[in-house]
Structures are given as C-alpha cells and as structure tokens.
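Here is the structure we will look at, set down as structure tokens.
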Amino acid sequence: MKKLSKTLRSTLSTYALIIIAFIVVQVLMGADLISNSLQGQLVPICAYVCLAVSLNLVVGISGELSLGHAGFMSVGAFTGVIVAACLARAGVEAELVLFVVSAVAGALVAGIVGLLVGIPVMRLRGDYLAIVTLAFGEIIKNLLNNFYIGVDNAGLHFSMQNSSSLGMEQGTIIVNGPQGAVGIDKISTFVGGVVLVLITVAVVLNLMHSRSGRAIMAVRDNRIAAESVGINVTKYRLMAFAVASALAGAAGVLYAMNYSTIIPSQFDFNTSILILVYVVLGGMGNIRGSIIAAAFLTVLPELLRAINDYRMLIYAVVLILVMVVPNLKTYQRLVDMVRVRILKRDAAEQAPAAAEGGEGHE
Amino acid sequence: MSKLTDFGKARRETTKMVPVPSHSIMPERDLGQAPALECLHLGIDFGGLKAVDDFNITVGKTEICGLIGPNGAGKTTVFNLLTKVYQPTRGTIMVDGQDTAGMSPARVNQLGVARTFQNIRLFDTLTVEENVRIGLHNQVKSGMVSDILRLPRFWKAERDFHEKALWYLDIFDMAKYADWTAGSLPYGAQRRLEIVRALATGPKLLLLDEPAAGMNPSETAELMENIVKIRNMFNIAIMLIEHDMNLVMNICEGICVLNFGKIIAKGTPEEIQQNPQVIEAYLGAGAHQGEKGGEAA
Amino acid sequence: MEILTNLINGMSLGSVYAIIALGYTMVYGIAKMLNFAHGDVIMVGAYICFCAISYLGLPAIAGVILSVVGCTVLGIVVERLAYKPLRDAPSLNVLITAIGVSYFLQNAALLIMGSDPKSFSSIISLPALRLFDGQLVISATTVLTIVACVVIMAALTLFTTKTKMGKAMRACSEDRGAATLMGINVNSTISMVFAIGSGLAAIAGVLLCSAYPTLMPTTGSMPGIKAFTAAVLGGIGSIPGAALGGVLLGIIEIFARAYIGTQLADAVVFAVLIVMLLIKPAGLLGKNVSEKV
C-alpha cells in the first residue's frame, strides 16, 4: 500500500506542478509582468512540454532512442491545419470546435503514421533503430516539402507537382510545398495548451502505471526476460511508439495553430534533437523532469535575450556542463565531502543509536 | 492453495526415464495424457558446431527432472531451445502434446513453459511486486484503452494483480520485499524472485537454470524443499540444470546427462551414479580406467 | 554518357561521405558513442582552409595542412574536455554532450565568421578531364576527391592492420576491458582515434566545399547526418563498411537527384537506407551481435 501511495503522491505532484505553473502565469499576466515576447512563447512551451513528455514514453519508458519525433509533430500539424481549413470553409466558426476537432484529427493521423512507421522500425534495435527513426523523420519532412493541397467547392485537391497543377477554381491553397501552410487561423490559446499538457501527462502516466505500461518497462529492462514471461515484445514497443506519435501529433496541431504560417523544414532533425535534449536533461522516464526541462529550456534563450549574440553559445555550454560536471572526479569528491559532513553531523546527533547495526549491506 | 497434493502421490505419478539409446514414452504412464515435455531429435547448429544434437527426452506431468553435464555441454542451450530463445535447427518440441514449431518465446510461455536464467534477469528498476505483476501479465487481462482511460476494468485488474502478486510472493515468504527494487535484493532473494515470477505465468513446465548457484548449504537445503513444495502445490513438471549433485540426486526423479551436446545417459539418480560414461565425462577417461582396473582387481 | 557522368559525380560525393563516415565509424567502434559534432568539425575544417587562403594569402596546400592540424587539435581537445569525463556515463548523456558540442561549434562559427555564406574557391586549379571527344567532362575536383578517398582508405587499412597503434585501436574496439588488461592505454588510443577522425573531417570539409562552394556555419550538419547514415548503412564500427556505405549513398543521392527530382532526393536516400537495414539489420558489413542468454 505504501508503494501505491508513493506513486500516487508523485502523480499528484506532477499535476499540481502544471496547475500551479498555470495559475502563476495567469496572475503574472494579469499584473502585466510578462514581456510580450515571453507571452508569445507560452503556447510553444506547452507544445514542447507535450512533445517532451510523449518522447519520454519512447525514450525513457520504452527505452528506444527515437530521433524523428518532429516528423510526427509535423504530420499532426499539417493534418490539423488542413482539417481546420476545411471545417472553416464548411462554415464552422466556433474556435473551440475547430481546435478540438483538428487536434483529434492530428493525433489520429500522426498515431496511424507512427504505427505504420513503427512496424518496420521495431524490427531493429539500438542505434540502428535510432538512425531509422531519423531517416523517417527526414522522409516525412521531404514529402511534406512536395505536398500541394488546396480546397475548393469540389473538395480537397492534392498534387506533388506544384500549386497550379491542383486544378482548382477559386479554391484556397492550404499547403504550398516548401512554402508550407499559410493563412492559418491562430486559434491556439495558453489555456488550450495547458489542457493538452494535462491530457498528455495523464495518458503517459496512466499508461505507465498499468498492465500495458509495466509490459513496456519490462521489455526495456530485460527483453529476453520479458519474452520469457509471455510478453509480446513487438506489440508493446509498437504501442509506446504509436501512442507517443499520436501525442506528438496533437502537440503539433497546438504548435501550428499558434502561427499564421508553418513550413515543413521547421520540423527537421534539429527539432527532434531539441525534444530529445529535454527528455535527457529532465531524466529518462521522469515525466515531471521532462515538463520542467522543456519549459525551462524554451524560456532560457528568451531570458538570455539581453546577450543576444552569445545566447545560443551559452545554451550549448550549459548543455555540455550539465552533462559533464556530475561526472567530473573533483565534483564527485566535493559531493562526497558534503555528504560525509552531513552524515557525520547526523551521526553525532544520534551517536548511541547508530553505534550498532546499519552495516547490513551485501 | 486448493491444488495442494501430497508428495507421495505426486511421486507415484511421475515416471522414470529410460537410459539411452532407446527413446520411449514412459511405460507406466497413463497414455491418454500427454507428457509435459517431449523432445524428438532436437538439435541446433552454431556455424558448423552441433551445439545440441539428437536430444530426445520425455518429462512427465509432475516429474522433477535434472539436466546435468560438464561446463559447455549445452545444457543452457537446451533451455534456450525449449523457450525458443534460439529456434532449433532440427527436431520437434512438444509441450503438453502441442508442437511448438515456429512459435515465439512469448507464445511458448503462454503454452506453459516458464524459466529462470543462469545469470539472473530481473526487471531491475521495477519493484519486486511489479516484477511478479509482469509475470502475471497473461493471467490478468486489461487493454490499453481501459488502462489509459482508467475504466472499471483497469481497477479490477489492478486489484487482481495486487492480490495474486502477494499470494505468489508468499509462497517463498517474500511478501515483505514487495516494495523493494528488484535490483537491490540480496542475491538469494533475487533467485527466488525469478522463480516466483516464472510461477506467476502459470506454467505446466518450469525450467530452472542453476537455481542453487552461489548459495550456501543451508540456502540450498531450503531451495530443495521449495522446489518439491512448488511441484506439489502446482502439480507441474520441473526441469533443472544444476551442478550441485546433492540437490540433483535428492530431488530429481529422472536425470539426463549431456556432454558435447549429446545425451550420454538417462535414468534414475541411482542409475546415473553407476553409469561409467557419466563418470568418464565428469572425471575424464583416466579415472574411469582406474576404476575399472580396481574392479577387476 | 549521362549515366556515366552521374555515376562519377555520385562516386565523388560518396567519397566525401565515406571520408566523413570513417570518423563516425571509428569513434563509434572504439568509444561506442555517436559523435554528432563530427559534422561540424567538417565545417570548422573548411573555414580554417578558407581563412588561410583568403585572409592569410597562403597557398592551397598550406591551407589544407593548417586545416588538418587545426581539426586534429580540435578533435583531441573536444574529446578531453567533453567526452572523456563521460566514459562510464549512459550513452544518451554522451549523445547530448555531443549535440552540445555541435551547437557550440556552429554558434562559435556564427559569431566569428558571421551568418552570410562565404564562397569557397576550389583549392584545385587543375584543368578538367575530357574524355570521348569532350562528351564526358570530369572536373579535377571530382577526380581528386575519389583519389583522396582511395588513398585514405588504403592508408587506414594499412594503419589498422600493420602498426602497433592500429592494432591497439582494434583491440580497444573489440573489448576495452581486455585491452586495458593487456597494457594498452585506452585513453590515448581513444584520443588518437578522435585525432584521426577529425583530421579526416578537415580533408572532407575542404573537398566538400571545393565541389559545393557555399560555406556557412551549418554547412557540416547535413553531410554529417548523411555520412552517419552511410556509416550505419555499411555497418557501424566497420571501416570498409563506412567506405562502401558512403560511396553507395553518394551514388544513390546523385541518381535520385537526376532522375527523381532534387526535392525528393534526400527522401529516396533515407528510404534506401531503411530498406537495406530491414534486409540486413546490422548494416552491409556489420557483425550481427546477439545477446548471450
């Protein structure tokens, strides 16, 4: 029972973190204490948090290195934009309906693409799997660069040549090849973003603490042992991959609907890497860590704006130091010294009790 | 606990294995009932090397069978073949009368073969209870959708998981460790947890790969009791690889000796102890000659 | 003739990929890490050569030597500062560090050299090769690139099989622990691999920019990714595999550009990689290592 309450406590504190952060931001905005540029970052922050949490499902919980997460984000983003444009043309005006329907559509299509990509990918392991996810991400980007999609009264038109070959009369072009999607209704809101974050976190956490999630973690910890207790390894690796893709798709919709234009090359390898950095810095399998890392690292370049020219350089140095410093011998010695000092103090306080026992480790 | 049967009855039901070369389906067994395991001409090649060749064995429904042999004889390879970690090059494996050809390791487990590993393979970062819950994966059902949406089915499954996991842990008196991380358990407890996890999958045949490795005599004695106990409790067949001859000779009803990938002897513990080929395999040809000379004199 | 021209151009581009891929594969083989900053070393190498020729007015050969020396030093320094402390850390942490180094190099270049593309004038001033009455024109850069790749491959093969250092290198990548017990200094061996890999990257950078003369701080990243892909295609950790993968990738890319379209060329390259890996999961010349149970 103690274990359950421990999981429950950690889960609740994760939700609490999101809600408190939301309230704080709302209060600060009410008091006009947040700069305009930072306000513009609020929706992208939510999107990146969703992406980091969903990628953590693949990298941290399922234990597969994926380098193509941005690909699924872009599938969702473009699906969402197309669906929203079609709905708007059909006369749907309520922004909430537009947003929800396009987010669901984006998640669905990205999930299906994730499943289709996952079937061949899951035949591989380790670095080979990583490079194939990278390849799929690049292929998705390249294909989107060649997509021309428009809508007119006759319905959707699709071409891979150019926009004029769509053969439309008085239609609107939604996706225009490398120029991307233009004229997007900016319907994403911070509230919508926070709700999506909550949904994403709930899906991942619920999955983690369930029969399916334990199977996924079993495969990560020891594939051969997992097989030996009757777990269908491919099914659960695929499940984690597809669910994460769907969540990335929804996050992509949120992200796209915050801008009037998106282009396919925004969702390239570097974006995938950026999301991976959030996951690793936040801690593998640690959902709360992913949230904090994604939010902090999206804000960091914003905070460093004063030293504009050097900010990305500093970002890089921070990244390296965060990884390297905990492994330095001098740092470890320092930590040990502090720990020993604290232990000594504790021991001095309860010296008589600690005199016996305590050394029962194998 | 209802399945508890008395030891004597279980022992009567088991069959003796016949020494090589004759391969037979146990004579004193009710033939209507398929054996827990039957291997026919099983073999695997690694490159040109015949790691296991012409491996024939029949293990009765509730038999405890020992698989022994010098290091590198191919014992663990046999286990890997039985659990489909390796796909056999030739031969058939029948589990409870069903051919396992082409099955995945997961499918073979669902059919009723569970195992432990020589080098312990627990889910180290998860708790002891979670390890057993993963063993129960196919005993308690709940789908991804109900898991994510926390439908009533999920809660029912979690309750089942918790109850059953603790019940299984209780068999080896391990419920007290439920919240420990599996990787942090003492060595002996890790070995026991592997057995619990394997049992939780509801096997008909349990394969134990060197269960007593690294244990002291009192731990080994306890393990021996436990092996017999779980056989009687669950009425299952157990096949074990072990170097501790005391354990093997005391609890195994049938023993199969492997050397260079081939069976060199099969029989009861008494028969195996007398078998000249076994002595030669373990002690070398010289020892055997010497003994023969002694006999002649 | 067109096919032949494309084939030769493909081999030339592939040779550049192969030289870069060698760095990836050697580092992976010995340090078991994906050195994502490797692509940016190419860029640094090209910039050094560019500066030496344009600003210092040095002859081309001096520029190349300076660039190789500079990158070799850079490789050793980066390895000492960023990767060595992480020798026993989880591989993903090393990966993130490499990404950090990549960001660092790109942004440092951006600060020093500016974001506007530099036009790199080819270091090779030999006349183009004309065959079949001028029907087939091969530029000197193309020929030299292929020659450079062949020479480097031959030298590396000799080095790894004949010299003591090369054998130590192979021993380390086979089993680092056992190599240590045999008295091999693993740290200096790893340093040496980084030095060789980075030196090769400098040559690749100069050759790449001689063929495609736009030089920017991000110049190295796409060839870096492609070369990494090539290394995996050939079987990561295998030196002949890297060469084979690189050349193959270059040829596929040029043919895809010529017959399918520039826009989709990269998609075709990656699709071929995926198909090949599904057929041979450990790459063309990679060893399939199965887990011991």
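Miscellaneous remarks
- Principal semi-axes of the equivalent ellipsoid, √(5λ) from the alpha carbon gyration tensor of the protein assembly as shown, are 54, 37, 29 Å from largest down.
- Rg/Rh for chain A, where both radii come from Cα atoms and Rh is the Kirkwood radius: 1.04
- Cα-Cα P(r), the range B:69-122, percent of pairs per 5 Å interval: 5, 18, 29, 24, 15, 9, 1
- The local environment of residue C:15, defined by Cβ-Cβ distances under 15 Å, has a net charge of 0 under the rule Lys, Arg +1 and Asp, Glu -1.
- Cβ-Cβ distance of residue C:288 and residue C:87, R₀ of 22 Å, FRET efficiency by 1/(1 + (r/R0)^6): the value works out to about 0.25.
- Normalised contact order of chain C, rounded percent, pairs of Cα under 8 Å and 6 or more residues apart: 37 percent
- Among A:345, A:89, A:223: highest mean-square fluctuation, GNM of chain A, C-alpha pairs under 10 Å: A:345
- Dipole of the range C:2-279 computed with +1 at Lys/Arg Cβ and -1 at Asp/Glu Cβ about the Cα centre; of C:20, C:158, C:231, farthest Cα towards the positive end is C:158.
- Averaging Cα coordinates gives a centre for the range A:1-71 and one for the range A:274-315; these two points are 12 Å apart.
- For residue B:239, the residues 5 or more places off, or on other chains, whose built amide H falls under 5 Å of its own are B:65, B:206, B:207, B:208.
- Cα-based Rg / Dmax (Å) for the range C:2-279: 18.5, 62
- Distances between placed amide hydrogens fall under 5 Å for residue B:264 paired with B:257, B:258, B:259, all partners being 5 or more residues away or on another chain.
- Ranked A:298, B:89, C:97, B:83, criterion: other C-beta atoms within 10 Å, fewest first: B:89, A:298, B:83, C:97
- For the range A:107-169 versus the range C:53-81, the spacing of their alpha-carbon centroids is 41 Å.
- Long-range Cα-Cα pairs in the range C:98-209 (distance over 18 Å), rounded percent: 68 percent
- Crossing angle, helix A:269-282 versus chain A [Cα axis fit, 0-90 degrees, rounded to tens]: 30 degrees
- Among C:102, A:74, B:146, sorting on how many other beta-carbon atoms sit within 10 Å of each Cβ, with the fewest leading, yields B:146, C:102, A:74.
- Value in Å of the Kirkwood radius, where the range B:69-186 supplies the Cα pairs that are averaged: 16.7 Å
- Ranked list, fewest to most other Cβ atoms within 10 Å of each Cβ, for B:215, C:169: B:215, C:169
The numbers here are math on the coordinates, done by the rules we state, and not lab data. Since we're looking at a predicted model, the values are computed, not measured. With ideal geometry, Cβ positions are generated from the backbone for all residues, glycine too; neighbour counts draw on all protein chains shown.
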